[in-house]
Amino acid sequence: MPSRIEDYALIGDSGTAALVGRDGSIDWLCWPRFDSHACFAALLGSREHGRWLIAPHHKDVRDKDLRVHRRYRPNTLILETRFETNEGAVTLIDFMPRREGTSCIVRLVVGERGRLAMCCELILRFGSGLIVPWVTRLEDGTHRAIAGPDMTVLRTPVHLRGENMTTVGEFVVDAGDTVPFVMA
């Protein structure tokens, strides 16, 4: 179930914008332009209609132990979501660089304190949640999703795998670590 509308923040690149929930999920994105079909449409349906979640691993965190704080960096659309538990704290930094050709989303997971187990769940659905793309891992580790004329590529050092039409991965972030995710 999607979050309440007031729990979303906006990131954008002047050509399109995404809505990011307090839970670390991008639940809406028309890509590559505002007038394109959505590739993440969970906001209007459910997770099966497309989303990109990066958050503390649910097996290791009880809801009452998780504290979430959000802010924009001053005078920017760079969103910082801080997830804090008794074991550690990370900041998820989300932004879309000003467009110079290809649009992309950058998500950085920065370890602030201790150690925290994290998860990534990517459900790409082209055609506003209706079309399931074919996802392959290229030799260099890049994940490519294609359906008809639509394509995305995701680069990250995190090992991702396919499960039930979803791309998933788990990783651990220690204080001082930065784990990048870049989708174009």
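It is to be established whether one or more residues within region 97-110 are farther than 14 Å from LEU29 by Cα, among the acidic types (Asp, Glu) and surrounded by fewer than 18 Cβ atoms within 10 Å (Cβ to Cβ).
Checked region 97-110: at least one residue is farther than 14 Å from LEU29 by Cα, among the acidic types (Asp, Glu) and surrounded by fewer than 18 Cβ atoms within 10 Å (Cβ to Cβ).
What are the pairs with Cβ atoms under 6 angstrom where one residue, in region 28-51, is closer than 15 Å to ILE11 by Cβ and touching a residue at least 60 places away in the same chain (Cβ under 8 Å) and the other, located anywhere, is aromatic (Phe, Trp, Tyr) and assigned to a helix (DSSP H, G or I)? Sequence gap at least six, or different chains.
CYS39/PHE126
Look at VAL135 and say whether it is at pLDDT 95 or above and on the phi < 0 side of the Ramachandran plot.
Criteria not met by VAL135.
If you take the residues in region 28-52 that are under 18 Å from GLY169 (Cα atoms) and surrounded by 21 or more Cβ atoms within 10 Å (Cβ to Cβ), which one is farthest from the chain's Cα centre (by Cα)?
Looking at the filtered set, the residue picked out is GLY50.
Residue-wise test of (1) part of a strand (DSSP E or B); (2) touching a residue at least 40 places away in the same chain (Cβ under 8 Å).
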{"position": "THR91", "(1), (2)": "yes, no"}
{"position": "ARG98", "(1), (2)": "no, yes"}
{"position": "GLY114", "(1), (2)": "yes, yes"}
{"position": "CYS119", "(1), (2)": "yes, yes"}
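Among (1) surrounded by 15 or more Cβ atoms within 10 Å (Cβ to Cβ); (2) on the phi > 0 side of the Ramachandran plot, where does SER14 come up short?
(1)
Considering only region 1-82, give the strands (runs of 3 or more DSSP E) lying wholly within it that have at least 2 residues that are out of contact with any Cys (no Cβ under 9 Å at 6 or more places or on another chain).
Here the list reads 8-12, 17-21, 25-30, 67-72.
Which of the following residues is in contact with a Cys (Cβ under 8 Å, 6 or more places away or on another chain) and on the phi < 0 side of the Ramachandran plot: MET151, MET96, MET118?
MET96
The values are calculated or read from the model by the stated rules, or taken from the named source; none is laboratory data. Only a predicted model underlies this, so the values are computations on that prediction, with no experimental measurement involved. Please note: Cβ atoms are built from the backbone with ideal geometry, for glycine as well, and neighbour counts cover all protein chains shown.
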